[in-house]
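Below: one structure, written as structure tokens.
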Amino acid sequence: MTNSFRTLDDVNVSGKRVLVRVDLNVPMDNGRITDATRLERIAPTVTEISGKGGKVILLAHFGRPKGVDPKLSLKPVAAALAGVIGKPVAFADDCIGDVATKAVAAMQDGDILCLENTRFHPGEEKNDPAFVAELAELGDIWVNDAFSAAHRAHATTEGLGHKLPAFAGRTMQAELDALGKALDAPTRPVIAIVGGAKVSSKIDLLENLVTKVDALVIGGGMANTFLHAQGIGVGKSLCEKDLAATALRIIDKAEAAGCAIILPVDAVVAFHFAANAPSQAYGLDAIPADGMILDVGPQSIVRINAAIDDAATLVWNGPLGAFEMTPFDTGTVSAAKHAAARTKARKLISVAGGGDTVAALNHAGVADDFSYISTAGGAFLEWMEGKPLPGVDVLRAAAKG
């Protein structure tokens with residue numbers, strides 16, 4: 001997929017001012033970063049450009065500020081990044097104007113500078129041409145390494161691609177390669193596992209996937225809506241009954257496209273939504289009227305694992321049950337471990353993404369065994385929905401230009 005993009009292999013960065021859009025939107029608690037995964041992901045791009053004598057000028061947002069907000073400054077994040085990459089990271093208190101201009105002018109080849117939160121300026125999210133122009137004055141080339149923000153047409157994620165020579169960073173390159181292997185040009189058969197609470201949040205996703213994959217496993221609360229649509233009683237389970245017609249439409253679309261829909265054939269039911277609540281597996285014809293489905297049942301797990309065995313490529317978004325609570329994590333953990341084992345045996349390409357999915361795979365202890373885990377969240381979801389990603393499309397256009 002990256003054949004349609006220029007990467008760091010296609011540019012000499014020595015002596016150049018390189019504006020690098022990165023994802024520094026890390027979780028923090030009382031000024032302390034609780035998960036440095038995103039910093040670790042951007043380290044290869046930052047250190048490569050620095051090592052080749054480029055001046056690395058980092059652009060990023062943090063949170064959703066309404067104007068300047070000291071609590072959402074990138075200064076502590078820049079300090080944490082320095083610890084991750086083992087190199088000093090200077091900081092400028094603004095991303096445009098005299099402060100930024102002077103900080104960039106003071107850089108030596110190989111230096112790394114982090115500019116302040118781009119969202120402190122309204123021009124960032126508005127993709128304001130004047131703001132883009134001010135940013136562009138600071139650099140010679142633009143490298144986009146933030147796939148997680150690629151679904152936004154903002155100044156630093158898309159606008160700069162029209163003003164400066166544009167290239168994909170190593171994190172962006174890895175993400176695009178992985179996603180290309182998962183859905184755009186996959187090794188077949190392809191299976192998708194989609195879980196989570198609500199069908200309503202994933203209608204576009206399901207509609208797109210049934211035209212792309214050979215089998216689609218539906219789990220979590222979403223599955224209850226599909227079961228209800230087929231006339232199966234789901235008791236007091238989470239269920240969007242008003243979306244029954246939507247569920248049936250998706251089933252019909254899948255059938256027309258030759259995509260097998262795999263729904264639970266049994267379920268683990270409890271009567272209280274709490275960890276370790278007394279529970280029991282029931283067939284779908286016997287779900288108690290006052291019970292709640294909180295996980296797929298043992299027969300369903302066997303069926304899902306068999307479907308994984310039949311696949312060459314797996315795309316996963318969303319847990320199969322209430323995985324945050326034992327024992328209702330059993331289905332998700334079992335399928336995750338099975339997919340991980342197939343991947344380690346080189347029998348499966350496995351790509352997963354989405355916050356709950358990453359948490360579930362970490363919980364199962366198998367995140368490192370998947371082929372690729374996307375930390376992109378919304379961008380990953382929109383890619384799975386088949387929607388255009390402005391931050392990716394501008395790279396493609398730049399490569400053609």
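When the residues of the range 342-401 are narrowed to those that are among the hydrophobic types (A, V, I, L, M, F, W, C), open to solvent by 30 Å² or more (accessible area, probe 1.4 Å) and more than 13 Å from the chain's Cα centre (by Cα), which ends up nearest to Ala150 (Cα to Cα)?
Here the residue is Ala397.
Being in a helix (DSSP H, G or I) and polar (S, T, N, Q) is the filter; apply it to the range 331-385 and report the residue that is farthest from Gly297 (Cα to Cα).
Per the criteria, the residue is Thr343.
For the range 119-156, enumerate the residues that are of a type in the set (Ser, Thr, Tyr) and touching a strand residue (DSSP E or B) at 6+ places or on another chain (Cβ under 6 Å).
Going through the range 119-156, the residues of a type in the set (Ser, Thr, Tyr) turn out to be 148, 156.
Residue satisfying the conditions is Thr156 alone.
Would you pick out the residues in the range 105-119 that are buried (at least 20 other Cβ atoms within 10 Å of the Cβ) and either farther than 22 Å from Ile42 by Cα or polar (S, T, N, Q) (or both)?
Just the residues of the range 105-119 that are buried (at least 20 other Cβ atoms within 10 Å of the Cβ), to begin with: 112-119.
Of everything in the range 105-119, those that are buried (at least 20 other Cβ atoms within 10 Å of the Cβ) and either farther than 22 Å from Ile42 by Cα or polar (S, T, N, Q) (or both) turn out to be Asn117, Thr118.
Restrict the check to the range 124-144 and report whether at least one residue is on the phi < 0 side of the Ramachandran plot, under 18 Å from the mean Cα position of the chain (by Cα), in contact (Cβ under 8 Å) with a residue 40 or more places away in the chain and open to solvent by less than 10 Å² (accessible area, probe 1.4 Å). Walk me through how you get there before you give the answer.
Within the range 124-144, the first condition is being on the phi < 0 side of the Ramachandran plot, and the residues that meet it are 124-126, 128-144.
Adding the requirement that they be under 18 Å from the mean Cα position of the chain (by Cα) leaves 144.
From the residues that got through so far, the ones that are in contact (Cβ under 8 Å) with a residue 40 or more places away in the chain too are 144.
From what's left, open to solvent by less than 10 Å² (accessible area, probe 1.4 Å): 144.
The answer is yes; a qualifying residue exists.
Evaluate the following for Thr332: is it under 30 Å from His272 (Cα atoms) and in contact with a Leu (Cβ under 7 Å, 6 or more places away or on another chain)?
In short, yes.
Output the residues belonging to the range 78-92 that are of a type in the set (A, V, I, L, M) and under 20 Å from Asp109 (Cβ atoms).
Keep residues of the range 78-92 that are of a type in the set (A, V, I, L, M), which gives 78-82, 84-85, 89-90, 92.
Ala78, Leu81, Ala82, Ile85, Val89, Ala90, Ala92 - these are the residues of the range 78-92 that are of a type in the set (A, V, I, L, M) and under 20 Å from Asp109 (Cβ atoms).
So which residues in the range 143-158 are among the hydrophobic types (A, V, I, L, M, F, W, C) and either out of contact with any Gly (no Cβ under 6 Å at 6 or more places or on another chain) or not in a strand (DSSP E or B) (or both)?
Taking the range 143-158 as the starting set, the residues that turn out to be among the hydrophobic types (A, V, I, L, M, F, W, C) are 143, 146-147, 149-150, 153, 155.
The answer is Ala146, Phe147, Ala149, Ala150, Ala153, Ala155.
Conditions (1) touching a residue at least 12 places away in the same chain (Cβ under 8 Å); (2) among the acidic types (Asp, Glu); (3) in contact with a helix residue (DSSP H, G or I) (Cβ under 9 Å, 6 or more places away or on another chain); (4) buried (at least 16 other Cβ atoms within 10 Å of the Cβ), marked per residue:
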position	(1), (2), (3), (4)
Thr246	yes, no, yes, yes
Ala257	yes, no, no, no
Ile261	yes, no, yes, yes
Val268	yes, no, yes, yes
Asn276	yes, no, no, no
Gln280	yes, no, no, no
Ile287	yes, no, yes, yes
Asp290	yes, yes, no, no
Ile293	yes, no, yes, yes
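Of Ala92, Ala79, Ala60, which residue is at negative phi, touching a strand residue (DSSP E or B) at 6+ places or on another chain (Cβ under 9 Å) and open to solvent by 20 Å² or more (accessible area, probe 1.4 Å)? Break it down into steps so the answer makes sense when it comes.
Numbers: Ala92 fails: open to solvent by 20 Å² or more (accessible area, probe 1.4 Å); Ala60 fails: open to solvent by 20 Å² or more (accessible area, probe 1.4 Å).
None of the other options fit; the residue is Ala79.
Would it be correct to say that Thr7 is β-branched (Val, Ile, Thr), touching a residue at least 40 places away in the same chain (Cβ under 8 Å), under 19 Å from Leu176 (Cα atoms) and surrounded by fewer than 22 Cβ atoms within 10 Å (Cβ to Cβ)?
Working: β-branched (Val, Ile, Thr): yes; touching a residue at least 40 places away in the same chain (Cβ under 8 Å): yes; under 19 Å from Leu176 (Cα atoms): yes; surrounded by fewer than 22 Cβ atoms within 10 Å (Cβ to Cβ): yes.
So Thr7 fits the description; yes.
The values are calculated or read from the model by the stated rules, or taken from the named source; none is laboratory data. Nothing here was measured: the structure is a model prediction, and the numbers come from that model. Here the Cβ is made from the backbone with ideal geometry for all residues, glycine too, and neighbour counts use every protein chain on show. Accessible surface areas use protein heavy atoms only, side chains included; no ligands, DNA or RNA. Shrake-Rupley method; radii C 1.70, N 1.55, O 1.52, S 1.80 Å.
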